[in-house]
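K.L.:
Once you've had a glance at the structure underneath, I'll fire off some questions.
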Amino acid sequence: MSTAVTPPPKKTNRIGLEVLNYRGSKTTLCAGCGHNAISERIVEVFYELGVQPWSVAKLSGIGCSSKSPAYFLGLSHGFNSVHGRMPSVATGAMLANRAIVGIGVTGDGDTASIGLGQFMHLLRRNLPFVYIIENNGVYGLTKGQFSATADIGTKQKSGVINEFPPFDCCALGLQWGATFVARSFSGDKKQLQAILKGAIAHNGLAVIDVISPCTTFNDHEGSTKSYTYMKDHEEPLHELDFVPFYDDIAVEIAEGEVQDVRMHDGSTLRIKKLDRDYDPTSKFEALKALDQAEKSGEVLTGLLYVDTNKPTLMDMLNLTDAPLSTLPESMVRPPKAVLDQVMEELR
Ligand SMILES: Cc1ncc(C[n+]2csc(CCOP(=O)(O)OP(=O)(O)O)c2C)c(N)n1
Ligand code: SF4
Ligand SMILES: [Mg+2]
């Protein structure tokens, strides 16, 4: 008589894949680095949403943060670009294939120092793209120099104090055109998952600034990007829940307690009030809240701003619904007679 035990069925998502299919290579980042926690959240949300990994393009610049796409979504397309230049590569990739889900991972140095010009132009174009800034206030890969997001008065490991005012990437995003702006903390699992899901469902540029402590160079006393500082100063604006389009949302909720934001794909981002009234559809309110938080040393987290109506770059360029990369050459290349005519007109 056989004594073989049938193994339990493997847990799969709605498209029949296991979480393993969403993982990448083993991380080479330092133990405890906030960037590793963010990679884990990315794996979880793509698995939970049942996104086909081969329909995703992951892009990055240079830095410890920019190395991290190697550690998630191993079956996706990937491009590790030049320091600070990911936005232009991402714009090209997304224009070539608008059907793809685009996700970029960058650092505070990559975005707010060398890449600031590229970041600003990405903002004004409202490209449908998830742009994650893994913000540790330093250049981790090159041994911990201050980046342009380091707060005034924050102390380097060597004792040097930063005297320059920081760029707040969320404030820049708000002012220059991003249509989904959020801040989170790598240690806030539930909030970061909901924000990432909302960003993936959003049709427009989603900027997510995630405070992500660098355990090797910026996790000491006197740093405002350390685990201890974040645990003491994180101030969630609200509680977030994400209800995907394929789930039933029929839950009894008392009036005034939640604000539902309907996303492009039919999903809902459900915002539950905490102890303050906050309307994430008001840009003015978002900027005011950030300004007050900066003065009080709080780190506001949650969905700061969302606008689901603004035209995207695809709308502005009048792109065909079919991705350009799928069109035959006869449709994307003008025939010789037309090119000859253009040349004639330029004479
Ligand atoms: C054009 C160019 N300039 C400078 C560098 C050196 N460099 C590599 S990573 C880096 C900063 C990385 O900081 P950040 O983007 O914050 O990423 P982190 O390592 O902190 O995650 C710098 C200055 C480079 N690789 N290329
Ligand atoms: S140096 Fe800092 S940012 Fe880089 S992997 Fe180590 S802890 Fe992370
Ligand atoms: Mg950094």
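The values are calculated or read from the model by the stated rules, or taken from the named source; none is laboratory data. All of these numbers come straight from a predicted model, not from anything done at the bench. No Cβ is skipped: glycine too gets one built from the backbone with ideal geometry, and neighbour counts run over all protein chains shown. These area figures cover heavy atoms from the full protein model, side chains too; ligands, DNA and RNA do not enter into them. Shrake-Rupley method; radii C 1.70, N 1.55, O 1.52, S 1.80 Å.
K.L.:
For the stretch 247-258, indicate whether the set of residues that are open to solvent by less than 60 Å² (accessible area, probe 1.4 Å) and in contact with a Leu (Cβ under 8 Å, 6 or more places away or on another chain) is non-empty.
P.N.:
no
K.L.:
Ok, one more. In the stretch 51-74, which residues are away from ligand 1 (no atom under 16 Å from the Cβ) and touching a residue at least 40 places away in the same chain (Cβ under 8 Å)?
P.N.:
Within the stretch 51-74, 51, 55, 56, 57, 73, 74 meet the criteria.
K.L.:
In addition: Regarding the stretch 77-84, can at least one residue be identified that is open to solvent by less than 10 Å² (accessible area, probe 1.4 Å), within 26 Å of residue 188 (Cα to Cα) and either within 16 Å of ligand 3 (Cβ to nearest atom) or part of a loop (DSSP other than H, G, I, E, B) (or both)?
P.N.:
no
K.L.:
Suppose we filter the stretch 73-114 for residues that are under 29 Å from residue 322 (Cβ atoms) and within 16 Å of ligand 2 (Cβ to nearest atom); how many remain?
P.N.:
Qualifying residue count for the region: 2.
K.L.:
With respect to residue 218, is the statement that it is open to solvent by less than 30 Å² (accessible area, probe 1.4 Å) and in a loop (DSSP other than H, G, I, E, B) true?
P.N.:
Yes, satisfied.
K.L.:
Residue under question is residue 122, and the condition is that it be open to solvent by less than 40 Å² (accessible area, probe 1.4 Å), closer than 24 Å to residue 322 by Cα and among the aliphatic types (A, V, I, L, M); does it hold?
P.N.:
It is true that residue 122 is open to solvent by less than 40 Å² (accessible area, probe 1.4 Å), closer than 24 Å to residue 322 by Cα and among the aliphatic types (A, V, I, L, M).
K.L.:
Give me the pairs, please: first residue somewhere in the stretch 32-44 and near ligand 2 (Cβ under 8 Å from one of its atoms) and among the hydrophobic types (A, V, I, L, M, F, W, C), second residue anywhere and in a helix (DSSP H, G or I) and open to solvent by 20 Å² or more (accessible area, probe 1.4 Å), beta-carbon distance under 7 Å, and either six or more positions apart or on two chains.
P.N.:
33/64
K.L.:
Answer with yes or no whether residue 8 is farther than 23 Å from residue 227 by Cα, away from ligand 1 (no atom under 16 Å from the Cβ) and open to solvent by less than 20 Å² (accessible area, probe 1.4 Å).
P.N.:
For residue 8, the condition - farther than 23 Å from residue 227 by Cα, away from ligand 1 (no atom under 16 Å from the Cβ) and open to solvent by less than 20 Å² (accessible area, probe 1.4 Å) - is not met.
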